[in-house]
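Colleague: Provided herewith is a single structure, encoded as structure tokens, for subsequent inquiry.
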Amino acid sequence: MTTVDRIPAQSHGVIALSASACTSCMICVRECPAWCIELESHDEEVTEPGARRPRTVSVLDVFTIDYGLCMYCGICVDVCPFDALAWQPDFDYASGSATGLVQGINELESWGKVRE
Amino acid sequence: MREVDQVFWADEFRALQSQGYFFFDFLTAYERDSQLVVIARVANPETKQSQMLTAKVDAQQNSMASISVTYPGAIWHERETTEMFGISFVGLEDARPLLRRSMLGRPPLLKSSVLAARMLKPWPGQPSHRKQQPVGVVDDWLQL
Ligand code: SF4
Ligand code: SF4
């Protein structure tokens, strides 16, 4: 049994992002007390087969969490209305530099995939 | 959680210890509606029960009785609470700050204290089409 197996599933280890579930509503960014989430997005029109009009969806360009500032309170995970953020019991992301603790979309998404 | 009169704060903890609550867990403070409240928790290792007590801090004196004689483990927490909230603990012999190099300036965890980082870093949640005041800043907060 590895250490990760013994850690409860919802432990405040790392925050995983599901970019497809995120609507860029900015709620987590505004509620984060540490101001450590940054988000940029743009709108795109998608036409679905059978739909009368195209739909406007928000597409993420940037979504970063700076774990050097994050205090692991979990407010972002709790306030997200679309369940786009979730705790994962992974702790193995120490870094020798401050910038190494800033994780972008790819890295944040990889945590979810690892645990699925 | 039980609120006690601040006058009886130290007595309450002496009584709890005599009832088997030997384990000191934590002590800290919080501020709600401009009122400072001290909160502490102790536990009974035999029965696994715990008691969490709160007491409003007298705004004039801004001091509380120390419980560090009863629970020496509280020394560190009372030092931290002094440093961060500016509350002094009567009877705490060693009140040296833990983190702050100097006790000049406002205690950083008071809601009225503006953190330097809040001035220097732009709020990432600022809407593009209107100005919004972030939560956790004073009313006259001004981004530098
Ligand atoms: S856990 Fe708290 S501090 Fe960290 S990103 Fe979420 S809201 Fe911000
Ligand atoms: S609260 Fe959820 S949906 Fe909204 S921006 Fe944050 S992660 Fe995306």
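Colleague: Would you mind giving the mean number of other chain beta-carbons within 10 Å of the Cβ of each residue in B:111-123, as a whole number? Present the calculation step by step, with values, prior to reporting the outcome.
Modeller: Details: counts 0, 0, 0, 0, 0, 0, 3, 1, 0, 0, 3, 2, 3.
That works out to 1 on average.
Colleague: Next question, about the same structure. Which value, in nm² and rounded to one decimal, describes the direction-averaged projected area of the C-alpha convex hull of chain B?
Modeller: One quarter of the hull surface, i.e. the mean projection, equals 10.9 nm².
Colleague: What list do you get for B:12, A:38, B:31 if you sort them by fewest beta carbons within 10 Å?
Modeller: Details: B:12 20, A:38 17, B:31 14.
Lowest count first: B:31, A:38, B:12.
Colleague: Here's something else I'd like to know. Could you please state, rounded to a whole Å, how far the C-alpha centre of segment A:5-32 is from the C-alpha centre of segment B:13-68?
Modeller: Comparing the Cα centres of segment A:5-32 and segment B:13-68, I get a distance of 34 Å.
Colleague: What whole-number value in cubic angstrom gives the convex hull volume per residue for the C-alpha atoms of segment B:70-144?
Modeller: 123 Å³
Colleague: Two decimals, Cα atoms only, Kirkwood Rh: what is Rg/Rh over the protein assembly as shown?
Modeller: Here the Rg-to-Rh quotient is 1.06.
Colleague: Compare the Cα positions of A:112, A:94, A:51 along the charge dipole of segment A:4-115 (+1 at Cβ of Lys, Arg; -1 at Cβ of Asp, Glu; about the Cα centre) and return the one farthest towards the positive end.
Modeller: It is A:51, whose Cα lies furthest towards the positive end.
Colleague: Taking springs between alpha-carbon atoms closer than 10 angstrom, which of B:55, B:117, B:95 fluctuates most in the Gaussian network model of chain B?
Modeller: Looking only at B:55, B:117, B:95, the biggest GNM fluctuation is shown by B:117.
Colleague: I want to verify a result. In a Gaussian network model of chain A, Cα cutoff 10 Å, which of these has the top mean-square fluctuation: A:51, A:21, A:98?
Modeller: It is A:51.
Colleague: Taking every DSSP beta bridge that has both residues in chain B, what percent is antiparallel when rounded to the nearest 5?
Modeller: For chain B, the DSSP antiparallel bridge percentage is about 75.
Colleague: Would you mind telling me which residue in B:45, B:122, B:97 has the biggest mean-square fluctuation in a Gaussian network model of chain B, where springs connect alpha carbons within a distance under 10 angstrom?
Modeller: Among B:45, B:122, B:97, the largest mean-square fluctuation in the Gaussian network model of chain B belongs to B:122.
Colleague: Give me the dipole magnitude in Debye, nearest 20, for segment B:1-137 about the Cα centre, with unit charges on the beta carbon: positive for Lys and Arg, negative for Asp and Glu.
Modeller: That gives segment B:1-137 a dipole magnitude of about 920 debye.
Colleague: Counting Lys and Arg as +1 and Asp and Glu as -1, each charge on the Cβ, what is the dipole of chain A about the Cα centre in debye, to the nearest 20?
Modeller: Value, rounded to 20: 240 debye.
Colleague: For helix A:105-115, report the angle its Cα long axis makes with the longest principal axis of the Cα atoms of chain A; keep it between 0 and 90° and round to the nearest 10°.
Modeller: Compared with the principal axis, the helix lies near 70 degrees.
Colleague: Continuing with this model, one more query. Charges only on Cβ, +1 for Lys and Arg, -1 for Asp and Glu: so what's the dipole of the protein assembly as shown about the Cα centre, in debye to the nearest 20?
Modeller: So the dipole magnitude of the protein assembly as shown works out to roughly 360 debye.
Colleague: Taking every DSSP beta bridge with both residues inside the protein assembly as shown, roughly what % is antiparallel (nearest 5)?
Modeller: Details: 33 of 38 bridges.
Taking every DSSP beta bridge within the protein assembly as shown, about 85 percent pair in antiparallel fashion.
Colleague: Here's another thing I want to ask about it. Considering only B:109, B:125, B:137, whose Cα is most displaced toward the positive end of the charge dipole of segment B:98-144, charges sitting on Cβ of Lys, Arg (+1) and Asp, Glu (-1)?
Modeller: Toward the positive end, the furthest listed residue is B:109.
Colleague: Additional query: Among A:7, B:53, B:9, whose Cα lies farthest out toward the positive end of the dipole of the protein assembly as shown, if unit charges sit on the beta carbon of Lys, Arg (+1) and Asp, Glu (-1)?
Modeller: Looking along the dipole axis, the top candidate is B:9.
Colleague: Still on this model: Run the helix sum for chain B: -39,500 (n - 2.57) per DSSP H stretch of 4+ residues, divided by residue count, reported at 222 nm to the nearest 500 deg cm²/dmol.
Modeller: Dividing the helical sum by the residues of chain B leaves -5500 deg cm²/dmol.
Colleague: Can you sort A:60, B:120, B:36 from fewest to most other Cβ atoms within 10 Å of each residue's own Cβ?
Modeller: Working: A:60 18, B:120 9, B:36 22.
Exposure proxy ranking, most exposed first: B:120, A:60, B:36.
Colleague: So how do B:64, B:1 line up by other beta-carbon neighbours within 10 Å, fewest first?
Modeller: Values: B:64 27, B:1 8.
Exposure proxy ranking, most exposed first: B:1, B:64.
Each value in this text was obtained by applying a stated rule to the coordinates, not by laboratory testing. Note that the structure is predicted; figures quoted are calculated from it, not measured. A quick note on method: Cβ atoms are made from the backbone with ideal geometry, for glycine too, and the neighbour counts reach across all protein chains shown.
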